[in-house]
Protein chains: 2
Amino acid sequence: MSFFRSRWVDAPDGVEELDPNQLAPGFRAGGAHCGLKGGGRTDVGLVVCDAEEVSSALLLTRNASAAAPIRVCRERCDAGGIRAAVVNSGNANAETGEQGFADALAMSTVAAKQLGLEQPQVAVAETGTIGVPLPVDAVLVGIAEAAKTLAPDGGSAFSDAILTTDRWPKRCTLRAGGVTLSAQAKGAGMIEPNMATMLCFVQTDAVVEDADVRLHAAVDASFNRITVDGQMSTNDTVLLQASGASGQPLPAGLLEAVLMQLAIEIVRDGEGAVRTGRIEVTEAATQAEAERVARAIANSPLVKTALFGRDPNWGRIAQAAGAALAGEDLNELGAENIDAEELGAEVEEAEIGLRLGRGEHSAHVWFSDLGYEYVKLNAEYTT
Amino acid sequence: MSFFRSRWVDAPDGVEELDPNQLAPGFRAGGAHCGLKGGGRTDVGLVVCDAEEVSSALLLTRNASAAAPIRVCRERCDAGGIRAAVVNSGNANAETGEQGFADALAMSTVAAKQLGLEQPQVAVAETGTIGVPLPVDAVLVGIAEAAKTLAPDGGSAFSDAILTTDRWPKRCTLRAGGVTLSAQAKGAGMIEPNMATMLCFVQTDAVVEDADVRLHAAVDASFNRITVDGQMSTNDTVLLQASGASGQPLPAGLLEAVLMQLAIEIVRDGEGAVRTGRIEVTEAATQAEAERVARAIANSPLVKTALFGRDPNWGRIAQAAGAALAGEDLNELGAENIDAEELGAEVEEAEIGLRLGRGEHSAHVWFSDLGYEYVKLNAEYTT
């Protein structure tokens, strides 16, 4: 099994891995180059469900400086029935004013026309540089070109078209329990977008009646538990589409495992990242406290540099936890309550534990390290 | 004027700069080497007010993983009348259990005995490595040695004894309005303490009746408005002692200007820091919102690397602000509401502005950049 390669993800029983070119039955995808990215790389992607009765769910960033495509999509989050998505990479269309909003709207209108759909049936996602006007004419031509490439084996083409500075594509096609699920994600390459924009598209022929509930739960356990640098993107988008064509329900744990593996891939591919950590905080007084402490540790630059430098420095864990609990009563943690050995171990995925001794709640977060490449990528982007 | 060198600090009218060796009249200080730091550097310091009726105020970190000296001092925060402080550098005495607490208590007891004071009249402060037992016998010998060096011109000796990885000392002796004020601080060198521990001691012969109120207000406007890496130390301590011997009140703005300059020095001397930024957020809906947004920007690694790389990247400001306001209604900020030019300018102190367009509240925070040296210092400490 090459897709489920993280120690933290359990592949569901009997899951079979297919060629990621091959989408779930009933879906087609494709990609084209319109000039947003250099080197002739594809930068416009389309994915469409041919079944008319698609069950869908769409999750968007809560960043108050949300990009134009997010604002276009917000009104259709609760509508369901999203048949297609149009995506560009290389330009985030964020902080681009009314024109940017009109451009994002035009993208979905043109994509809908190409696909014979209504405009509200098409989601728009964009990722790339912020504050740069979208060369919308080129993008609209690109959409028409991408429509010509639509094919059941267009998974990799679509996946390539949504990447920015990812060092490797994140995609899979899996079969289990009589259903097929394909997914494509792009991650936290921070150079070009200057943001950890995360996009993820999931297609399945399973019957998913409560798509919204299922997707929320799976995202809460995966993309909402990762941090590269504590920064929330202006463009994050996750779309789940289920055609129901197989007549079978989603096997338990399949969606969750896929999103978790993709989330960890995104952390692993964090800008300049070398190692991935997972902090598990237990014995917290409340759930909110467990979350707060775990995130404080995962976002602490001292902990992240320790992960990079293989420094099993438990004092930094204690300090970050204490800061997150400022003003509260906390027994001295000491080395005996902090499992930080793997910070210093020769493992790519380091598991770190902290017992607070205050109650019975727990939370965990995955995070990337902080090394020279992060500084290089983010400081030297425009120079 | 060489002390007040930040563009952001206004030196009070008529202030005169004296030799920083020279403490405010009625104070003596000194330092000795006990072996906590290498190279024979002094690592135990004492400062004492000879006047019996000292007015004092003591502010301590709120970190819930507070070090032993903080826990020893907490109970005397409200007592006032702190005649002396004993400090060591090179060992934070944090996460050191009951023994650490006993050691910190012993330090104040021995210092009190040396100075002919009661133990509760002596504050204890420590800074350095976390989780390492304090070699208390050596420290107690060091305290006796330091007591022998006490002198009215011991300001620099005391200042040197509290430094850890600071690249330069932070100290001054000033005269204005008939009073003298001397101050010594140590900053956010992160290597040895693995923490941005900040210590600051201020002595004056002014009459300060509301020392606690005055110190709180001055710290709120200075040390509480700086961030190197968003990390709250286990050991932060600020002590103000006023003998009243001059019979004159503190001139308006003097204490505030001194603490602000010292705070900015600490940012400037942040681990590996090259440039200092000040973000001013205006037009926020509430004061809390202004603070939250300013701190989110100041702690954003994307903004900090932009400051390091001289990248006038206003999109990162918009993104950080939007993340801090997640889920709220925010008009698109755009370049016209963000003054980010100085991120890219040839100035050591960069002023950045953000207008939120939501109300009338404002807040500002000073912060350091994030460059290669930060990673080097923090990743390679133990390797």
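The values are calculated or read from the model by the stated rules, or taken from the named source; none is laboratory data. Predicted, not measured: the structure shown is a model, and the values here were computed from it. Note that we place each Cβ from the backbone using ideal geometry, even for glycine, and neighbour counts take in every protein chain shown.
Overview of results
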| quantity | calculated |
| --- | --- |
| Condition check for B:ARG316: on the phi < 0 side of the Ramachandran plot and either hydroxyl-bearing (Ser, Thr, Tyr) or under 25 Å from the mean Cα position of the chain (by Cα) (or both) | no |
| Criterion: among the aliphatic types (A, V, I, L, M), within 20 Å of the chain's Cα centre (by Cα) and in the same structural domain as A:VAL207 (by TED's automatic domain parsing) - qualifying residue of A:VAL47, A:VAL110 | A:VAL47 |
| Residue within the stretch A:277-289 that is in contact with a helix residue (DSSP H, G or I) (Cβ under 6 Å, 6 or more places away or on another chain), at pLDDT 90 or above and within 21 Å of B:ASN91 (Cβ to Cβ) present | no |
| Selection count where residues are in contact (Cβ under 8 Å) with a residue 40 or more places away in the chain and either in contact with a Leu (Cβ under 7 Å, 6 or more places away or on another chain) or assigned to a loop (DSSP other than H, G, I, E, B) (or both), scope the stretch B:123-138 | 8 |
| Elements of type strands (runs of 3 or more DSSP E) contained in the stretch B:1-119, each with 1 or more residues being surrounded by 20 or more Cβ atoms within 10 Å (Cβ to Cβ) | B:27-32, B:44-49, B:55-60, B:84-91 |
| Given (1) within 13 Å of another protein chain (Cβ to nearest Cβ); (2) within 18 Å of A:ASP220 (Cα to Cα); (3) touching a Ser or Thr at 6+ places or on another chain (Cβ under 9 Å); (4) not aliphatic (A, V, I, L, M), index of the condition A:GLY322 fails | (2) |
| Qualifying residue in the stretch A:366-378 (condition: out of contact with any helix residue (DSSP H, G or I) (no Cβ under 7 Å at 6 or more places or on another chain), among the aromatic types (Phe, Trp, Tyr) and closer than 28 Å to B:VAL274 by Cα) | yes |
| Qualifying residue in the stretch A:208-226 (condition: part of a strand (DSSP E or B), at pLDDT 90 or above and assigned by TED's automatic domain parsing to the domain that holds A:ARG28) | no |
| Any hit, the stretch A:250-271, residues being crowded, with 20+ Cβ neighbours inside 10 Å, more than 30 Å from A:VAL54 (Cα to Cα) and within 14 Å of chain B (Cβ to nearest Cβ) | yes |
| Out of A:LEU117, A:LEU199, sole residue that is within 19 Å of A:LEU58 (Cα to Cα), at pLDDT below 95 and of a type in the set (A, V, I, L, M, F, W, C) | A:LEU199 |
| Residue that is surrounded by fewer than 21 Cβ atoms within 10 Å (Cβ to Cβ), of a type in the set (Val, Ile, Thr) and over 25 Å from A:GLY353 (Cβ atoms), where the choices are A:VAL207, A:VAL202 | A:VAL207 |
| Failed condition for A:VAL274, given (1) out of contact with any Leu (no Cβ under 7 Å at 6 or more places or on another chain); (2) within 14 Å of chain B (Cβ to nearest Cβ); (3) surrounded by 24 or more Cβ atoms within 10 Å (Cβ to Cβ); (4) in contact (Cβ under 8 Å) with a residue 60 or more places away in the chain | (3) |
| Selection count where residues are within 9 Å of chain B (Cβ to nearest Cβ) and farther than 17 Å from B:ALA66 by Cβ, scope the stretch A:303-318 | 10 |
| Residues that are among the small types (Gly, Ala, Ser) and either crowded, with 23+ Cβ neighbours inside 10 Å or closer than 18 Å to B:GLU348 by Cα (or both), drawn from the stretch B:284-317 | B:ALA284, B:ALA290, B:ALA294, B:ALA296, B:ALA298, B:SER300, B:ALA306, B:GLY309, B:GLY315 |
| Any chance A:GLU336 is within 13 Å of another protein chain (Cβ to nearest Cβ), out of contact with any His (no Cβ under 8 Å at 6 or more places or on another chain) and not hydrophobic (A, V, I, L, M, F, W, C) | yes |
| Scope the stretch B:339-383; condition free of Cβ contacts under 8 Å to residues at least 60 places away in the same chain and facing chain A (nearest Cβ under 9 Å); matching residues | B:GLY344, B:ALA379, B:GLU380, B:THR382, B:THR383 |
| Pick from the stretch A:1-31, criterion of a type in the set (A, V, I, L, M) and touching an Asp or Glu at 6+ places or on another chain (Cβ under 8 Å), ranking: nearest to A:ASP153 (Cα to Cα) | A:LEU23 |
| All positions within the stretch A:310-357 that are among the β-branched types (Val, Ile, Thr) and closer than 18 Å to B:GLY100 by Cβ | A:ILE317, A:ILE338 |
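Matching residues to (1) touching a strand residue (DSSP E or B) at 6+ places or on another chain (Cβ under 9 Å); (2) of a type in the set (D, E, K, R):
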{"residue": "B:THR227", "(1), (2)": "yes, no"}
{"residue": "B:GLY247", "(1), (2)": "yes, no"}
{"residue": "B:GLY270", "(1), (2)": "yes, no"}
{"residue": "B:THR282", "(1), (2)": "yes, no"}
{"residue": "B:GLU291", "(1), (2)": "yes, yes"}
{"residue": "B:GLY315", "(1), (2)": "yes, no"}
{"residue": "B:ALA326", "(1), (2)": "no, no"}
